[in-house]
Amino acid sequence: MSVTILDGGMGQELVARMGRATGLWATQALLEAPELVKAVHDDYFAAGAQIATTNTYGVLPDRLEKHNIADSLKRLTDLACQIAVEARDAHGSGLVLGSVGPLGFSYQPHLAPPSERAAQAYAELAERQAPYVDAHIAETMASLDQAKGALMGLSVTGKPIWLALSVSDDDGTKLRSGEPLRDILPLLAEHKPEAVLLNCSVPEAISAGLPELAGCDIPVGAYANGFTGIADAFNEIGATVDILTARKDLDPTAYAEFATDWVGKGATLIGGCCEVGPAHISELSRRFAA
């Protein structure tokens, strides 16, 4: 079975390299040090990644409005996409995925707007990304309606869509909303994304969740985070990631053991999310790259 190696987390790598966390998270680097974004992409490609995911997860209208920089959305989207394309071209191969994160806030699907309203925002973001990206990826979608809004909105460009779902750290058979993960299957059949993945949950939860996607007729993937869990206080725009704690037991070898389990359960798209860096991707590439 052929395995595609995704990149790892962007935001936490940038926090580490900048030396501080802010409420803008990875977007802060686009404002202050875009060369660091390029360096992270370069390091992932050097580690064996076949994908560059744009640093646009947090370049969302509601997040930028909260920080009084809503008028920078187009500029920051263009900049992040251009940097990813530049890194891919310098590497000589690979795909660029245009990321969109959850409206409302990560891991808090109850804060998201209804799918019809979310779709309007995602459509505008997709159209802005379209000249640069090979496909769109909706990341960390934590409820059925949240996923629906992203799939509806991103479809306007006609480019392939990847859908990444975040499951409960306590029970990976459920979305963070509490809805059964298996209930996503009719939505996949209706909207026909090119791939479905589980992301930004602890690796144990992803191992539990992957069998729920059995029967999909599209590629399945996985990229876990390296947090101990999501703190209750990390629940609104402006919260900073220094609230969250990184695990000490998830070095590249340990992470790759989880990935081996995921591949055994049918995953063909493997990478990393927050706190999973270039060293982890290098080990995944060593084990799985053709």
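The values are calculated or read from the model by the stated rules, or taken from the named source; none is laboratory data. As the structure is a computational prediction, the values presented were derived from the model and not from experiment. For neighbour counting, all protein chains shown are included, and Cβ atoms are generated from backbone atoms with ideal geometry for every residue, glycine included. Just so you know, the surface numbers come from the protein's heavy atoms only, side chains and all, with ligands and any DNA or RNA stripped out. Shrake-Rupley method; radii C 1.70, N 1.55, O 1.52, S 1.80 Å.
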Fill in: Cα-based Rg of segment 167-290 normalised by 2.2 N^0.38 Å, two decimals
1.07
Worksheet item: Ranked from highest to lowest mean number of other Cβ atoms within 10 Å per residue, what is the order of the peptides 257-266, 91-100?
Response: 91-100, 257-266
Practice prompt. Taking Rg and Dmax of the Cα atoms in Å as the quantity of interest, determine which of (1) 24.6, 87; (2) 16.9, 48; (3) 20.8, 69 was computed from the displayed structure.
Written response: (2)
Practice prompt. Would you kindly compute the Cα radius of gyration of segment 32-91 and its largest Cα-Cα separation (Dmax), both in Å?
Written response: 12.6, 38
Worksheet item: Between A289 and D251, what is the label-to-label distance in nm when each label sits 7 Å out along the Cα-to-Cβ direction?
Response: 2.2 nm
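Based on DSSP H runs of at least 4 residues, each adding -39500 (n - 2.57), what is the mean residue ellipticity at 222 nm of the chain after dividing by all its residues, to the nearest 500 deg cm²/dmol?
Details: 11 runs with 117 residues, N = 290.
That comes out to -12000 deg cm²/dmol.
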Item to complete: With θ set to phi - 60°, apply the Karplus curve 6.51 cos²θ - 1.76 cosθ + 1.60 along segment 172-182 and write out the HN-Hα couplings as whole Hz, x wherever there is a Gly or Pro.
Response: x, 7, 10, 5, 5, 6, x, 6, x, 4, 5
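When the accessible area of segment 1-125 is split by element with a 1.4 Å probe, what percent falls to carbon and sulfur?
Answer for segment 1-125 is 49 percent, counting heavy atoms of protein chains only.
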